[in-house]
Structure formats: structure tokens, C-alpha cells
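Asker: Here it is, the structure in full.
The values are calculated or read from the model by the stated rules, or taken from the named source; none is laboratory data. What you see is a predicted model; the values in this text were computed from it and never measured. Note that we place each Cβ from the backbone using ideal geometry, even for glycine, and neighbour counts take in every protein chain shown. Heavy atoms of the whole protein, side chains included, go into the accessibility calculation; ligands, DNA and RNA do not. Shrake-Rupley method; radii C 1.70, N 1.55, O 1.52, S 1.80 Å.
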Amino acid sequence: MRSKRTVFENRRIQLVFWVVLALCYLLGIFFVGLGVKESAYGICFEDKFLAPSLRHPFGTDGLGRDMFFRCMKGLSTSMVIGILAAVVSSFLALVMGILSAVLGGFVDKFINWAVDLCMGLPHIVLLLLISFMMGKGMKGVTIAVALTHWPALTRLVRSEVLQIRSSLYVQTAYRMGKSPYQVAVTHMIPHVLPTYVIGLILLFPHAIMHEAAITFLGFGLPAEMPAIGVILSEAMNHIAAGKWWLALFPGLLLLTVVVLFDVIGDNLKKLWNPQSGNQ
Amino acid sequence: MQLTVEGISFRYGKRLPWILKDVDFTIKSGQRIGLLGTSGYGKSTLGKILAGYEKPIEGKVLLDGRALDDKGYCPVQMIHQHPELAVNPRWKMRQILYEAYTPEEKLLQQMGLELSWLNRWPRELSGGELQRFCIARALAPETKFLVCDEITTMLDVITQAQIWQFLLEVAEKRQLGMVIITHNPELGKRVCTDVVRIDELGT
Amino acid sequence: MKKENILKVEDLTVSFSRYQKGFHKTSLEVIHSLSLEVNSGEIVAVVGSSGSGKSLLAHAVLQLLPQNAKTKGEILYRGNSLGEKQSRKLLGREISFIPQSVDYLDPLMRVGAQVQGVYGTKERQQMLFQQFGLAQDTQQKYPFQLSGGMARRVLISAALMENAKLMIADEPTPGLSVDLAMDTLKYFRNVADQGAGVLLITHDIDLALQVADRIAVFYAGTILELAPTEDFVKGGQALRHPYSRAFMSALPQNEFQPLAGSQPYAGNLPKGCLFAQRCSLCDEQCKSEDAALMRQVAGGKVRCIHAIDQDRNREIGNRHQAMAGI
């Protein structure tokens, strides 16, 4: 019995549907942004402060630049930074989490201390400091975002590894003559991987938001680069003058991107964990 | 063959009380010793030390006079009370069963294990079925001693009788030495050649 | 004291929807048309192997099943239908529950406060802790500081805080020493003697034989036989179902004789009698739908068409003899 209705009630199909939809949207923005030429959002004083229209779907700013293409370009820059940051941070988290759980003792104490320290400081302050130290700009932002997103994931990896290390079936595997390497490959990695991948995906929205935030505050990408943070901070000057489109569309776009990454992460989590996927 | 522990003491932390203190214990091939006694006296801990899951703080575990090797297949295998904790929930039964060695199909038939179950996940089997897989997995040819920690406590009595009937047969044929931890004196009387009370071991 | 019907389960069926390969969604029936009554002043034990779905019965009665479960049939508490709302309201006051897993304790709350709950008093909690051999400082501890046996005693104390009308205990004794298990059972007896109904779910037939008034034999998701405990103590022909007889003769203190085969798997159940594949009495009749129905035989209930009412047989036999005499 698989009528049309049961297809829609089928939780797994729903989950996969949302994941695919979100992926299409995000990849779309990413590639459109990469492909946009600088001339598409060039300065054109005749067209300044145009409200949204068919020719300029998101309107234009005070220099007559097309906001749609600027947003696209800015978001794809954000995503590149997000990917870099997520890869670096999650790699750090994986290494530190495993070291912490496997070596224990002093190493464990030190890594836990570092995690507590980083999580104890306001995240944005840490980001600003590192970005400023690294000379701001693309380099500063990327390094700052990449170096500050590992603590939560480190904790997660550590607890997963600790849990499986003490499990009876891993201990039994050792008694059956399996080497630590064999146990790591056959038992531990398959156990930690799902948590790790989902953690990695859920890192993206954080990284993107933080990039936008420090750029907005003027410690990130330079003003001449199209970036959501730059666009939003410029828009602040014109909101009082009724130029609503300058803040609304870029803001909405940023929000949907962040939410969609979250949707992907959450749905994958449910698909991976059969217990919650069944509900 | 002979498995001996000499003067072992054990506790889980430096400030915690001793669970085992100066315990001596010997078991020979073909012997089935029942360890009876109330919980909290370290029956399971003694079993774990015999099978190499825990290292004693003091004392030695010797197999024919030689210390047990940490690496390689341990000739003393242990079967646990909760089989669902002793199998990887992300593996299918085939992978679980074949982790240590490849059991003959005859053995599986004798145990009442169906070949189609090999394609199932652990959560799709009952406790009794899982426990039988765990027993089959522990019966590699290198196994000389078997520690059974309350292995049928969570099962119904028919499954319990099935499992013990099979285990006794195998133990006779292969002259296995067995340490049988149980709280049920009636079961101890049925399956063991000797019965020891844990509180009488050591001081 | 007049006997009151505390819990009545009528024709309860529980099924789970789940996913097999890919997107294929199937429904798996784990409890099939199960009926059970618990009266005031009695302990009814449900005995079956672990993993056979006994715990689901408790969860179904208390409306604690996960979202992907569907139930059919009726659950009546003192004559009123027990829904999710009523269950929430009654749980912890009129209905108490001893769960199987110690994970039911709140990890962030000291156990003393947890056991007292909303309606309990400190005096009663301290009294119970003392009775179950828990040291005074236990109440200041958090669940992670307790051993398995201690946690179980804490759960039992929590269930005994209120004078419940219905108590449901799901595997209450593993991890307890023999003495403590006996104490716990005595407590259950007390609770029942004060007019409550106790539903004891366990895999341990020895335990059931010691305290229960009636025993229900649980097999492949339903009850095969429900009979007074005396019948189980007598064993043999006093029992109505061949599975119950096999059950008793598999005990180490009896013949220790195993019955071959295993319980059929939910989703792959035979038609008609669930026990047919392993039964020596099985014939064509047993494969009919009718064979799976619960019938009343000699003061007990049984799902077997070959069950014979010994008393009635004798009566009929006598009558035949009397007629032959004429």
C-alpha cells in the first residue's frame, strides 16, 4: 500500500526532500555568486537608490550598484569562508577530541581547559581579537573564524570516543585479539563519523554568521568587497531615509542560508538515527 | 590446563574500598566452578580479571604457570549478562559473529541459530538469540576457559535450559574449564561440578 | 474487603511503524489482542523472556509509548478509560511505576528530592530509604553517584512514596541481592494487602511463584495462559497450555528440560496458534483463526483449543458412567 498520501506521510522521504531542496538552493547561490562578474554590480550614478524592480530585483544602493548581484557575490564569499572555517575547525576538533579521549591524563586536562577557556570568552570578542591581530581583511576573517569554532565539536567528539572506548563490545574486541588500529577502524570511526559530519555541517551557519558579524563591525572584509556584513553596515546609514530594500533583502538572504544549513544538519541527524527517524 | 589467580586484590580507585582482597582461585580444564554469593562481593570483577578485562592491582593471573598475554586472542573468554551491550549496534549479526573467527555452520545449527538471522541488526533479535550469538562468537578453537557472568539471568527459563544444555555438551567435548557466576543456587547445582561462595575466597 | 477492578486491559494491540530498506515503511505488530485484569488486593505477574515485548505492555498502560506506536483496544482504570491526560494526572499519585531502566532518574536532581516528588513527605522518604538499606547520605547524592543496585532501590522507594491504587513494576529486582529482592516482594505484598492492585512484569518465574496471586504467561506478544499461582506450583496437568508446562519443566529445580525452537518473531507470526510450531499437540485445527482466541478453562484463561477442563471432564465422565449403569 503506497498511495500518494503515504508518500507524503513518509518521514524519510520528507527529510530527504528538505535536504535536497536546501542543497539546491545553497549550491545555486554559491555558483551564481562565483560566476558573477564585477561589471554586474559596477558603479552607475544614474541608477542610484532605485527601489526593487524587474531590472534590479533587490534595488540599487547609493552608488547605483545592483544589490542582487552584490548579495550573491557576498554570500558566496561568506560560504567560501564558511567552508574553510568548517574544514579547519572540524579537523582541529577531531584531532583534539580523539587525543583527549585516548591519551587522557594531562593531555585531556589541557584540552578541556582550552575548550573551557574558548567557550568562556564571548565568541565575538575572540573573533575580533584574532582578526585584528591577523591584519583584518579576507585573511584575518578566515583565520579568526577557522580558529574559533572547534571547542563545541571537540567536546562532542571526545565524549563519543570516551563512550565507545568503555563499551563492552570494544573491550571484547580487544580480548578477541584485535589491535588498537583494527578497533579504531572497525568500531570507533564508524561510531564517531555521523556525529562528526553533522557537527561539521552545523558549523557552517555559525561560521557564516560570525563572518558577517565581524565584517559588519568593521573588523573583517574591506569595504570595497561585496560582503553581506559590508552591505548591511552600509544599509544602516540609509534605513532612516526609507531605503528599506538595502537592509531587508540581504538580511533575509543571510537568514535563509543560515536556516537552511540548519535544516540540512537536523534532517541528516534524524535520518542517521533510526530511532528518531521512525517517529 | 590450569588457570590460577594468586593473591589478587582489586579496587576501582585509590580511595575506594577493596572489592577483592588476597583472593586465590584455581580452575582446571573440564572443571565447572560455580561462583555463588550476594551481589557486591566482586563476582563479576573476579570474572573480568580472569578474562583479562581488568588488571589486578596486586597478584597474578597465570595460565599453566605463565602470565596471560595482553595481545592476541585470549584463551579465557567471557560471556556477559547483557548480550545487547556486548555487540556493536551498528554491525549486522554476520560481522559480529565472524569478528574473532569463522564458526562452522554445524555449530550454529546446534545452537538453534538460523542463518537468515545473520542479516539482521542486533536490535531485531531477542535477548536469548543475541546471547547465543555471543556464545558462538566466544567458542573459537583457541578458547580454553569460559567465564559466564549471569549469562541466562535475563532470559526465560526455556531459553536458559536450551543454552545450558548446549554449553554443557560443548564443555564436555572440548574439556573447557568454566567459571559460572550465578545468583541462582538451583542452577548452580544443575550445571556446575564444584560450587564456591565468593565470600569464602580470600580474606 | 470488596474486590474492585483496578485495571482492565481489553483486546490491546500495539504496533510500530518503522522503516526497512530505503523508504519502505512497514507496520510491526508487537502486542496482539491482549486482555488482562488486575483487581484490588492482588498481584498479577506477567512472565516472559526479555525482549518479548512485556515492557511495552507497561508502557502502553501508562501511555508512555513512543510516537511511532499505535494502540488499539481499551485500557480502563477503575472503570474509566485511561487516556494520556488522565495517565499524566494519576501517575505519581494513584498509579506508581517502577521502570526497568535506571535512566528514568533525573540526572540533575538529588535523589532525596526526586523520591519525595511533588506530593511526598521527607519522613516517609527517609523511612523507605532506611527500610531498603540506603544510608542517610544517599538522599544528598545525584543519580550518577549511585551503584546499579542502589539506583534500583531508589526507584522502588519512589514508587512506594504514595499509597497508590495501582502499582506497575517492570523488572524490579535485577541487581538486588536475594535478601533485598525478598524485602521488595514483601513490600509489594503489603501494598496489595492494603487494597491496591499490583502488576508485576518479570522474566523471573521463581519471583512470580513467590508473590503473585495470578500468573500470566507472555509469549510472542500476547498472553497464552492466565491462571492462579497454585496451578503453576502444582505444574503438569494443572496447567492448561503446553507452553506453560514446558516453562515449568525447564526450571533448574524441576527437570531442566529445554523445549526446542524459539519464539516467533513479530512480523513473521504464524496464523492461528502462536505456539503451534513448537507444540507436540499441534494439528490442522490449530492453524485456524479460532485457535488463537482466549478461552475460559477451569478457573483460568488459555489460548489453546486442546486445553481440557479436568473437572468438567470428570463430571461428564461420571454422568456417562451413571447413564451406563442404568
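Asker: Tell me, which residue of region A:144-158 that is open to solvent by 20 Å² or more (accessible area, probe 1.4 Å), outside any loop (DSSP other than H, G, I, E, B) and farther than 13 Å from A:Val102 by Cβ is farthest from the other protein chains (Cβ to nearest Cβ)?
Answerer: Taking region A:144-158 first, the residues open to solvent by 20 Å² or more (accessible area, probe 1.4 Å) are A:147, A:150, A:152, A:155-156, A:158.
With outside any loop (DSSP other than H, G, I, E, B) added as a condition, the list becomes A:147, A:152, A:155-156, A:158.
Subset that is farther than 13 Å from A:Val102 by Cβ: A:147, A:152, A:155-156.
On the way: A:Leu147: 33, A:Ala152: 20, A:Arg155: 17, A:Leu156: 18 Å.
Filtering region A:144-158 for residues that are open to solvent by 20 Å² or more (accessible area, probe 1.4 Å), outside any loop (DSSP other than H, G, I, E, B) and farther than 13 Å from A:Val102 by Cβ, the one farthest from the other protein chains (Cβ to nearest Cβ) comes out as A:Leu147.
Asker: Among the residues of region C:249-264, write down those that are farther than 21 Å from B:Val191 by Cα and either touching a residue at least 40 places away in the same chain (Cβ under 8 Å) or more than 11 Å from chain B (Cβ to nearest Cβ) (or both).
Answerer: C:Gln263, C:Pro264
Asker: Using beta carbons and a limit of 6 Å, which pairs, at least six apart or on different chains, have the first residue in region B:155-166 and more than 7 Å from chain C (Cβ to nearest Cβ) and the second one assigned to a helix (DSSP H, G or I) and β-branched (Val, Ile, Thr)?
Answerer: Note: pairs meeting the criteria are B:Trp164/B:Val191.
Asker: Considering only region B:1-102, give the strands (runs of 3 or more DSSP E) lying wholly within it that have at least 1 residues that are more than 14 Å from the chain's Cα centre (by Cα) and not hydroxyl-bearing (Ser, Thr, Tyr). Steps first, answer last, please.
Answerer: Working: elements: B:2-10, B:20-28, B:32-36, B:58-63, B:76-79.
Counting at least 1 such residues, we get B:2-10, B:20-28, B:32-36, B:58-63.
Asker: Output the number of the condition that B:Asn88 fails; it satisfies all remaining conditions of (1) open to solvent by less than 30 Å² (accessible area, probe 1.4 Å); (2) touching a residue at least 40 places away in the same chain (Cβ under 8 Å); (3) within 8 Å of another protein chain (Cβ to nearest Cβ).
Answerer: Against the list (1) open to solvent by less than 30 Å² (accessible area, probe 1.4 Å); (2) touching a residue at least 40 places away in the same chain (Cβ under 8 Å); (3) within 8 Å of another protein chain (Cβ to nearest Cβ), B:Asn88 comes up short only on (2).
Asker: Look at region B:167-203 and say how many of its residues are assigned to a loop (DSSP other than H, G, I, E, B) and more than 9 Å from chain C (Cβ to nearest Cβ).
Answerer: Of the residues in region B:167-203, 8 are assigned to a loop (DSSP other than H, G, I, E, B) and more than 9 Å from chain C (Cβ to nearest Cβ).
Asker: Here's another thing I want to ask about it. All but one of (1) more than 9 Å from chain C (Cβ to nearest Cβ); (2) open to solvent by less than 80 Å² (accessible area, probe 1.4 Å); (3) of a type outside the set (Ser, Thr, Tyr) hold for B:Lys106, so report the exception by its number.
Answerer: Failing condition for B:Lys106: (2).
Asker: Which members of region C:56-91 meet the condition of being within 14 Å of chain A (Cβ to nearest Cβ), assigned to a strand (DSSP E or B) and buried (at least 16 other Cβ atoms within 10 Å of the Cβ)?
Answerer: Selection gives C:Ala69 alone.
Asker: Within region C:107-131, can you find the residues that are part of a loop (DSSP other than H, G, I, E, B) and over 11 Å from C:Ala158 (Cβ atoms)?
Answerer: C:Pro107, C:Leu108, C:Met109, C:Arg110, C:Val118, C:Tyr119, C:Thr121
Asker: Condition check: more than 18 Å from the chain's Cα centre (by Cα), among the aliphatic types (A, V, I, L, M) and modelled with pLDDT of 85 or more. Does C:Val61 satisfy that?
Answerer: When the stated conditions are applied, C:Val61 does not pass them.
Asker: Out of A:Gly229, A:Gly199, A:Gly218, which single residue is away from chain B (no Cβ under 14 Å) and at positive phi?
Answerer: A:Gly218 is the lone residue from the list that is away from chain B (no Cβ under 14 Å) and at positive phi.
Asker: Within region C:295-304, how many residues are outside any strand (DSSP E or B) and at pLDDT 85 or above?
Answerer: Start the filter on region C:295-304 by keeping residues that are outside any strand (DSSP E or B), which leaves C:298-299, C:303-304.
From what is left, the residues that are at pLDDT 85 or above are C:303-304.
Qualifying residue count, region C:295-304: 2.
Asker: Would you pick out the residues in region C:236-268 that are among the aromatic types (Phe, Trp, Tyr) and part of a loop (DSSP other than H, G, I, E, B)? Full working, then the answer.
Answerer: Pass one, region C:236-268, residues among the aromatic types (Phe, Trp, Tyr): C:243, C:247, C:256, C:265.
Matches in region C:236-268: C:Phe256, C:Tyr265.
Asker: Of C:Leu76, C:Leu64, C:Leu128, which residue is in contact with a strand residue (DSSP E or B) (Cβ under 8 Å, 6 or more places away or on another chain) and within 25 Å of C:Lys165 (Cβ to Cβ)? Explain how you work it out, then say what you get.
Answerer: Details: C:Leu64 fails: in contact with a strand residue (DSSP E or B) (Cβ under 8 Å, 6 or more places away or on another chain); C:Leu128 fails: in contact with a strand residue (DSSP E or B) (Cβ under 8 Å, 6 or more places away or on another chain).
Only one candidate qualifies: C:Leu76.
Asker: Report yes if some residue within region C:223-233 is more than 14 Å from chain B (Cβ to nearest Cβ) and assigned to a loop (DSSP other than H, G, I, E, B); otherwise report no.
Answerer: No, because not a single residue in region C:223-233 is more than 14 Å from chain B (Cβ to nearest Cβ) and assigned to a loop (DSSP other than H, G, I, E, B).
Asker: Identify, from the list B:Lys48, B:Lys71, the residue that is open to solvent by 20 Å² or more (accessible area, probe 1.4 Å), under 20 Å from A:Gln171 (Cα atoms), at the interface with chain A (Cβ under 10 Å from one of its Cβ atoms) and without any contact (Cβ under 8 Å) to a residue 12 or more places away in the chain.
Answerer: Values: B:Lys48 fails: without any contact (Cβ under 8 Å) to a residue 12 or more places away in the chain.
From the options B:Lys48, B:Lys71, the qualifying one is B:Lys71.
Asker: Scanning for something open to solvent by 10 Å² or more (accessible area, probe 1.4 Å), at pLDDT 85 or above and within 14 Å of chain B (Cβ to nearest Cβ), does region C:34-48 turn up at least one residue?
Answerer: Checked against the condition, which is being open to solvent by 10 Å² or more (accessible area, probe 1.4 Å), at pLDDT 85 or above and within 14 Å of chain B (Cβ to nearest Cβ), region C:34-48 yields no hits at all.
Asker: Out of A:Asp61, A:Asp47, report the one residue that is surrounded by 12 or more Cβ atoms within 10 Å (Cβ to Cβ) and within 29 Å of the chain's Cα centre (by Cα). Walk me through how you get there before you give the answer.
Answerer: On the way: A:Asp47 fails: within 29 Å of the chain's Cα centre (by Cα).
Among A:Asp61, A:Asp47, only A:Asp61 is surrounded by 12 or more Cβ atoms within 10 Å (Cβ to Cβ) and within 29 Å of the chain's Cα centre (by Cα).
Asker: Please find, within region A:167-188, the residue that is nearest to B:Pro75 (Cα to Cα) out of those that are within 11 Å of chain B (Cβ to nearest Cβ) and open to solvent by 60 Å² or more (accessible area, probe 1.4 Å). Quick ask: steps written out before the conclusion?
Answerer: Step one: filter region A:167-188 for residues within 11 Å of chain B (Cβ to nearest Cβ), giving A:167-180, A:182-183, A:186-188.
Filter again for open to solvent by 60 Å² or more (accessible area, probe 1.4 Å), leaving A:174, A:180, A:182.
Values: A:Tyr174: 12, A:Pro180: 19, A:Gln182: 20 Å.
Top of the filtered list is A:Tyr174.
Asker: The conditions are (1) at pLDDT 85 or above; (2) away from chain A (no Cβ under 14 Å), and C:Thr121 fails exactly one of them. Which is it?
Answerer: The one condition C:Thr121 does not meet is (1).
Asker: What tally of residues in region B:120-145 results from selecting those that are assigned to a helix (DSSP H, G or I) and either surrounded by 14 or more Cβ atoms within 10 Å (Cβ to Cβ) or at pLDDT 90 or above (or both)? So that I can check it myself, show each step before the final result.
Answerer: Of region B:120-145, the ones assigned to a helix (DSSP H, G or I) are B:122-124, B:127-138.
Filter again for either surrounded by 14 or more Cβ atoms within 10 Å (Cβ to Cβ) or at pLDDT 90 or above (or both), leaving B:122, B:124, B:127-138.
So the answer is 14.
Asker: Give the residues of region B:161-184 that are at pLDDT below 90 and open to solvent by less than 70 Å² (accessible area, probe 1.4 Å), sorted by residue number. Break it down stepwise before answering.
Answerer: Let us first name the residues in region B:161-184 that are at pLDDT below 90, namely B:182-184.
Across region B:161-184, the qualifying residues are B:Thr182, B:Asn184.
Asker: Could you tell me whether C:Lys287 is open to solvent by 60 Å² or more (accessible area, probe 1.4 Å), at pLDDT below 85 and not β-branched (Val, Ile, Thr)? Walk me through how you get there before you give the answer.
Answerer: On the way: open to solvent by 60 Å² or more (accessible area, probe 1.4 Å): yes; at pLDDT below 85: yes; not β-branched (Val, Ile, Thr): yes.
The answer is yes for C:Lys287.
Asker: Only one of C:Ala246, C:Ala238, C:Ala208 is within 13 Å of chain B (Cβ to nearest Cβ), small (Gly, Ala, Ser) and open to solvent by 10 Å² or more (accessible area, probe 1.4 Å); which?
Answerer: Values: C:Ala238 fails: within 13 Å of chain B (Cβ to nearest Cβ); C:Ala208 fails: open to solvent by 10 Å² or more (accessible area, probe 1.4 Å).
On inspection, the qualifying residue turns out to be C:Ala246.
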